[in-house]
Amino acid sequence: MKKPFMPPQKGPYILWHDNLKTTATAAVPGVTAADVTALAAANADLHTKQTAAQTAEHAAIAAHAAMDASIAASKNQARPMVKNIKNNPAYTVESGATLNIEGAEDTTDMNQQQPALTAKVRSNGVVEVGFNKMLAEGVHIQTMRDGDAGYGFLASETHTPYIDNRPLQVAGKPETRHYKAVFFMNKAEVGNPSDVVTATAQP
């Protein structure tokens with residue numbers, strides 16, 4: 001079964017149409033002079049609209065970049081002002097609520113939470129273990145490799161990802177590594193263990 005002859009993506013389609021305009025002359029059986037004229041008009045319109053779309057996209061990118069810069073500048077101006085307001089002896093929670101500078105209470109119960117882990121395989125036996133922290137300080141990571149009797153402590157980490165760069169147990173041979181973790185706060189573990197993630201470390 002053949003694929004459709006017209007490319008579905010915009011860019012490749014315009015290139016396809018450019019070729020059709022160049023090659024589909026009145027000398028080609030089945031092509032009329034009217035076809036050639038209509039083909040040229042359609043191709044010119046395609047390029048006009050493509051240029052307009054690209055100009056609009058570039059303008060949108062620039063506009064969003066300018067907006068992001070404005071947001072960052074406004075945050076840098078607002079933060080010290082809000083700090084001064086909250087440090088003033090006359091400040092009250094009620095006035096803060098009016099100004100909308102009192103953050104909402106986070107009711108997350110960390111005793112019911114579990115980390116979410118990811119594992120990305122790199123070269124030379126390295127595995128990057130990604131994790132979330134929620135309200136915790138970090139995670140305690142445990143691991144088990146081929147031949148291990150069970151899980152053992154690997155690391156206490158506060159910044160994601162953790163880089164597991166242990167050498168391969170057998171040089172040049174891939175090995176399976178399993179990881180799980182639990183949150184910790186004030187040096188004490190809280191919540192439930194994560195689901196196990198598995199990666200095959202490569203030479």
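The values are calculated or read from the model by the stated rules, or taken from the named source; none is laboratory data. Remember, predicted model here, so these are calculated numbers, not experimental data. Positions of Cβ are generated from backbone atoms using ideal geometry, with glycine treated the same way; all protein chains shown enter the neighbour counts.
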- Checklist (1) over 11 Å from Gln114 (Cα atoms); (2) in contact (Cβ under 8 Å) with a residue 60 or more places away in the chain; (3) touching a strand residue (DSSP E or B) at 6+ places or on another chain (Cβ under 9 Å); (4) assigned to a loop (DSSP other than H, G, I, E, B) applied to Thr200, failing item: (4)
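Give, as residue ranges, the helices (runs of 4 or more DSSP H) completely inside segment 1-111 that count at least 3 residues that are over 30 Å from Ala136 (Cα atoms).
Details: elements: 10-23, 33-87, 93-99.
Those helices (runs of 4 or more DSSP H) span 10-23, 33-87.
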- Query: Do we find a residue being touching a helix residue (DSSP H, G or I) at 6+ places or on another chain (Cβ under 9 Å) and either free of Cβ contacts under 8 Å to residues at least 12 places away in the same chain or farther than 27 Å from Tyr13 by Cβ (or both) anywhere in segment 66-82?
  - Reply: yes
- Task: Filter segment 153-203 for residues that are buried (at least 17 other Cβ atoms within 10 Å of the Cβ), under 13 Å from Asn132 (Cβ atoms) and of a type in the set (Asp, Glu) and give the result.
- Result: Glu157
- Item | Every pair of residues 6+ apart whose Cβ atoms lie under 8 Å, when the first sits in segment 116-131 and is part of a loop (DSSP other than H, G, I, E, B) while the second is at pLDDT 95 or above and of a type in the set (Gly, Ala, Ser) | Ala116/Ser194; Gly125/Ala201; Val126/Ala201
- Message: Let me spell it out: the conditions are (1) farther than 30 Å from Thr107 by Cα; (2) outside any strand (DSSP E or B); (3) free of Cβ contacts under 8 Å to residues at least 40 places away in the same chain, and Met144 meets all of them except one. Which number is the exception?
- Response: (2)
- Query: Pro4 is checked against (1) surrounded by 11 or more Cβ atoms within 10 Å (Cβ to Cβ); (2) modelled with pLDDT under 95 and fails just one. What number does that condition carry?
  - Reply: (1)
